[in-house]
Amino acid sequence: MDRQLDVVVIGGGQAGLAAGYHLRRLGLDFVILDAQSTPGGAWQHTWDSLHLFSPAAFSSLPGRIMPPQPGETYPDAAHVVGYLTDYEQRYDLPVVRPVRVEAVHRDGEYLRVESAAGAWRARTVISATGTWWRPFLPAVPGRAEFRGTQLHTVEYRRPGDFAGQKVIVVGGGNSGAQIAADLAYDTELTWVTQRPARFLPDDIDGRALFDAATARRRALDEGRTDTGGVASLGDIVAVPPVREARDAGLLKAQPMFTRLTATGVEWADGTHAGADAIIWCTGFRPALSHLAPLGLRGPRGHIPTAGTQALREPRLHLLGYGDWTGPASATLIGVGRPAREAARAIAELLDLG
C-alpha cells in the first residue's frame with residue numbers, strides 16, 4: 001500500500017537536507033528519498049583534491065554552521081560529507097536510502113512518487129536531485145575516433161592516474177581550472193577553453209559570489225538593470241592550488257580545438273596536439289528525468305518556475321538546480337533561502353502555515 005505524506009523530497013544531498021530542516025520546523029509530515037547508500041550527496045563522489053570556494057562558516061546549511069577543518073581555510077569534500085552526515089543526524093531528518101525515484105505521476109489530489117523500493121503519495125513534492133548525475137558532453141567532431149581515454153569531471157579522481165601522460169583538459173570554469181591545476185605537475189598538460197580564461201581577483205571567494213548572485217536576483221525581481229551577477233566578475237575562483245599553478249606559469253589556456261583525431265585534437269589552422277586522455281569539464285544539466293511524466297519541460301530542459309514552484313504544477317517545487325530555482329541555490333550557502341521559501345509555500349498550499 002502506498003504511503004501518504006504531506007511532502008516527498010527527492011534527493012538527500014545539501015538541497016534536500018536544507019528543505020528537510022525547514023519542513024521539520026513547520027511541522028509537516030515528510031520523507032526524504034535519497035538514491036545514495038550513504039549521506040553526503042554528490043560530495044562523496046568528487047575528485048580527491050576538491051576544496052570549497054569559501055571558508056566553512058560561509059558554507060553552511062540553515063541552523064548549523066559548518067565547523068572549520070583543522071589546517072584548511074577552504075574545507076575539502078570529505079569535510080563536507082562529514083558535515084552533511086552530522087546535519088542529517090542532528091535534525092533527525094527522515095531520510096530513506098537507497099531509493100532511486102523513477103517517476104512522478106499525477107494521482108488525483110496527490111503526486112505519486114514511484115521507485116523500485118515502492119511508491120509514496122504526496123500532496124506536494126520537492127525535487128532536489130541536482131545536476132551531478134547528468135554530465136554534459138559537447139558534440140565535437142571526431143569524438144568517436146579518439147583512441148585514448150575520455151572521461152568527464154564526474155569520473156576524474158587524482159593526478160596519479162595520469163602521471164607521465166599527455167592530458168587535455170577541456171573547460172574554462174572552476175572544475176576545468178581546478179583539475180588542470182591538479183594535473184599541471186605530473187602530466188604533459190594542455191588546457192583548452194571556449195573563451196580566454198577569466199580568473200576572479202584573488203581576494204574573491206564564494207562569499208562574494210553569493211552576494212553577487214543575490215544582488216542580481218533582487219535587481220531582476222525589482223525590474224532594475226541586470227547586474228550580470230557572478231558572470232560579471234569572472235569564471236574561475238582563484239583558490240590556492242589554482243593560484244599557485246597559474247602563478248608558476250602552468251595554467252595557460254589554449255583556444256578550443258575544432259575536432260578530435262585518433263591520436264589527439266586538431267585546431268582550425270591544422271595544428272595538432274597528441275593526447276593519451278581528454279577530460280571534459282564541460283558542465284552538467286539538471287537531473288529531471290523522474291519528472292518527465294508531468295510534461296513540464298521548457299526551454300533548455302528547465303521546468304518554468306516562479307521561485308522554486310513549477311508554474312504548471314503548483315504542487316511541485318524544484319530546489320538546488322541553479323539560479324533559476326533561487327540565487328546560488330546550487331551552493332551550500334545559497335540553498336537555505338529558497339529551501340525556506342519552498343517550505344513556506346508548501347505550508348500555505350496545504351493550509352498549514
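Taking amide H atoms as placed 1.01 Å from N in the peptide plane, the amide H of T282 lies under 5 Å from those of T153, each 5 or more residues away in sequence or on another chain. Check T305: other-chain or 5+ apart residues with amide H under 5 Å from its amide H, H built from backbone geometry? Residues meeting the criterion, in which the H sits 1.01 Å from N, are L311. Ranked by solvent-accessible area (1.4 Å probe, protein heavy atoms only, all chains present), the residues D161, D351 order from largest to smallest as D351, D161.
Scanning the chain for chymotrypsin sites (Phe, Trp or Tyr not before Pro) lying in DSSP loops with no more than 14 further Cβ atoms inside 10 Å, the longest uninterrupted stretch between such sites is 186-353.
Taking GluC sites (Glu not before Pro) as exposed when DSSP calls them loop and at most 12 other C-beta atoms lie within 10 angstrom, the chain has its longest site-free stretch at 223-353. Put simply, the C-alpha atoms of segment 1-86 give a gyration tensor, and the ellipsoid matching it has half-axes of 28, 15, 8 Å, longest first. Residues considered: T263, T190, T153. Largest GNM mean-square fluctuation over the chain, using C-alpha springs under 10 Å, is found at T263.
The helix-only estimate of mean residue ellipticity at 222 nm for the chain, built from DSSP H runs of length n ≥ 4 each weighted as -39500 (n - 2.57), is -6500 deg cm²/dmol after division by the residue total. Couplings for segment 77-93, taken from phi via the Karplus curve 6.51 cos²θ - 1.76 cosθ + 1.60 with θ = phi - 60°, read 4, 5, 5, 5, 4, x, 5, 5, 5, 5, 4, 4, 6, 4, 9, 6, 6 Hz in order; Gly and Pro are left as x. The label point for Y185 and the one for R3, both projected 7 Å from the Cα toward the Cβ, are 4.7 nm apart.
In the chain, the convex hull through the Cα atoms has an average projected area of 19.0 nm², a quarter of its surface area. On the chain, 50 percent of the accessible area sits on carbon and sulfur atoms, based on a 1.4 Å probe.
Rolling a 1.4 angstrom probe over the protein heavy atoms with all chains in place gives the chain an accessible area of 45 Å² per residue.
Here segment 287-353 and segment 109-133 have alpha carbon centers that stand 13 Å from each other.
Placing a label point 7 Å from the Cα of R143 along the Cα-to-Cβ line, the residues of segment 152-168 whose backbone N sits under 14 Å from it are 152-154. Across segment 129-142, rounded Karplus estimates of 3J(HN,Hα) from the backbone phi angles (6.51 cos²θ - 1.76 cosθ + 1.60, θ = phi - 60°) give 8, x, 10, 4, 7, 9, x, 9, 10, x, 7, 9, x, x Hz, Gly and Pro being marked x. Rounded to whole numbers, the Karplus 3J(HN,Hα) couplings from phi for segment 291-297 are 9, 3, x, 7, x, 10, 4 Hz, using 6.51 cos²θ - 1.76 cosθ + 1.60 with θ = phi - 60°, and x at Gly and Pro. Sorting S175, S329, S37 on solvent-accessible area from highest to lowest, probe radius 1.4 Å, gives S37, S175, S329. When V96, V237, V81 are compared by accessible surface with a 1.4 Å probe, the order from highest to lowest is V96, V81, V237.
When the chain is treated as a GNM with alpha-carbon contacts under 10 Å, the residue of A19, A306, A253 showing the greatest mean-square fluctuation is A306.
The values are calculated or read from the model by the stated rules, or taken from the named source; none is laboratory data. Treat the numbers as computed from the prediction; the structure is a model and nothing was measured. Neighbour counts run over all protein chains shown; Cβ positions are idealised from the backbone, glycine included. Accessible surface is based on the protein model in full, side chains and every heavy atom, while ligands, DNA and RNA are left aside. Shrake-Rupley method; radii C 1.70, N 1.55, O 1.52, S 1.80 Å.
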